[in-house]
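A.B. asks: First the structure, which I've put down as structure tokens, then a few questions once you've had a look.
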Amino acid sequence: MDALLPFPGFREEAFAFLRDLRQHNERDWFKPRKATYDDELLWPARCLVSELAEALPRAGVPLTGSPKKSPFRIYRDTRFSKNKDPYKTHLGLVLSRDGTKKAPGALYVHVEPGHCFLAAGFWRPESPLLRRFRERMVTDPSGWRSAVAEAEGAGLELGTGPSDTLKRMPRGFESYADDEIAPYLKWKGLVASRPIADDRLKTPAFTADVVAFARDAMSLLAWGWAVVDAAG
């Protein structure tokens, strides 16, 4: 694998590899083609992380990453899953304030043919942090609504879908069931996202797309980080 260069874009070969992997999700198919994965997906992803780690702070977004550690592994953990396919059929990478995957509040890049997207926020935070988010929403609803309005005004989609939304009010917040903030209190995470056409990822300009998205998502990230930092 060559030394890191400015992000060149993911070539069509990367998308073809992922489409073929979906059809042939088997070790015997993948192993002789691992070099293709390394060259067409992993290496450009590392170049992208390296470039974003410089571009995001310059744009006022306090996110960074490690070219080596930010991309997720292609190998699936099948130990506790009924789906025994050994490989993921997408590539994902994460940047956060300290560059680790577990830091609260992150930017995620998802590369998958026909389903590429960017996401930012707090995906399924642990229960104590999620409760603090809810407490801040009810004590300062105007601050939360302002963060939401700014993100939605930038064209971002908020929420993480029905599977990550409670059907009933969370324990301790039942009295807010009729409040306009009630739907947000049912969220299991705070995430903003934007779909991206495959062709955008095939050009070096995709870096600028990620930076623009991160700036648009800053109201949500900053709101969440304020809660995280207040807890020490």
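We did not get these values from a lab; they are worked out from the coordinates using the rules stated. Remember, predicted model here, so these are calculated numbers, not experimental data. Positions of Cβ are generated from backbone atoms using ideal geometry, with glycine treated the same way; all protein chains shown enter the neighbour counts.
A.B. asks: Of Val49, Val138, how do they rank once you tally other Cβ atoms within 10 Å and put the fewest first?
C.D. replies: The most exposed by this proxy come first: Val138, Val49.
A.B. asks: What value, in deg cm²/dmol to 500, does the helix sum -39500 (n - 2.57) over DSSP H runs of n ≥ 4 give at 222 nm once divided by the residues of the chain?
C.D. replies: That calculation yields -11500 deg cm²/dmol at 222 nm.
A.B. asks: For the chain, set up a Gaussian network in which alpha carbons nearer than 10 Å are linked by springs, and say which option among Lys167, Lys68, Lys82 fluctuates the most.
C.D. replies: Lys82
A.B. asks: Please compute the modelled spin-label separation between Ala197 and Asp178, points set 7 Å along Cα→Cβ, answer in nm with one decimal.
C.D. replies: 4.8
A.B. asks: Cα-Cα over 28 Å: which of Lys68/Lys167; Lys84/Lys202; Lys31/Lys188; Lys68/Lys202?
C.D. replies: Going by Cα-Cα distance, Lys68/Lys167; Lys84/Lys202; Lys31/Lys188 fall outside the 28 Å limit.
A.B. asks: While we're looking at this one, here's another question. What aspartates and glutamates could a cross-link reach from Lys88, if we take a straight Cα to Cα line under 19 Å and drop same-chain neighbours fewer than 8 places away?
C.D. replies: Partners within reach: Glu12, Glu13, Asp20, Glu26, Asp28, Asp38, Asp39, Glu40, Asp77, Glu112, Asp198.
A.B. asks: Roughly what would the spin-label model give for Phe117 and Ala222, points 7 Å off Cα along C-beta, in nm?
C.D. replies: If labels sit at Phe117 and Ala222, their model points lie 2.5 nm apart.
A.B. asks: Right, something else. For segment 92-196, I need the span (max minus min coordinate) of the C-alpha atoms along each principal axis, in Å, sorted largest to smallest.
C.D. replies: That gives 43, 27, 25 Å along the principal axes, largest extent first.
A.B. asks: Still on this structure, I have one more. Counting other Cβ atoms within 10 Å of each Cβ, which GluC sites (Glu not before Pro) in segment 27-133 have at most 11 and sit in a DSSP loop?
C.D. replies: Sites meeting the loop and neighbour criteria: Glu126.
A.B. asks: Tell me the chymotrypsin sites (Phe, Trp or Tyr not before Pro) within segment 20-81 that lie in a loop according to DSSP and have at most 11 other beta-carbon atoms within 10 Å.
C.D. replies: Phe80
A.B. asks: Grab the beta carbon distance between His24 and Phe72, set R0 = 22 Å, and tell me the FRET efficiency rounded to 0.05.
C.D. replies: 0.60
A.B. asks: Stretched out fully, how many nm does the piece from Ala208 to Arg171 gain, at 0.36 nm a residue minus the Cα gap?
C.D. replies: 9.1 nm
A.B. asks: Run the numbers for Ala103 and Ser142: contour at 0.36 nm per residue of separation, minus the present Cα-Cα distance, in nm.
C.D. replies: Here the answer is 11.4 nm.
A.B. asks: What size of dipole, in debye to the nearest 20, comes out for the chain about its Cα centre when the only charges are +1 on Lys and Arg C-beta atoms and -1 on Asp and Glu C-beta atoms?
C.D. replies: That gives the chain a dipole magnitude of about 940 debye.
A.B. asks: For Ala231 and Lys82, compute 0.36 nm times the residue count separating them, minus their Cα-Cα distance, and round to one decimal in nm.
C.D. replies: 49.8 nm
A.B. asks: Still on this structure, I have one more. In segment 127-232, what GluC sites (Glu not before Pro) fall in a loop by DSSP, with at most 11 other Cβ atoms inside 10 Å?
C.D. replies: Within segment 127-232, the qualifying GluC sites (Glu not before Pro) (loop, at most 11 other Cβ atoms within 10 Å) are Glu180.
A.B. asks: For the chain, modelled as a GNM with alpha-carbon contacts under 10 angstrom, which of Phe15, Phe173, Phe213 fluctuates the most?
C.D. replies: Phe173
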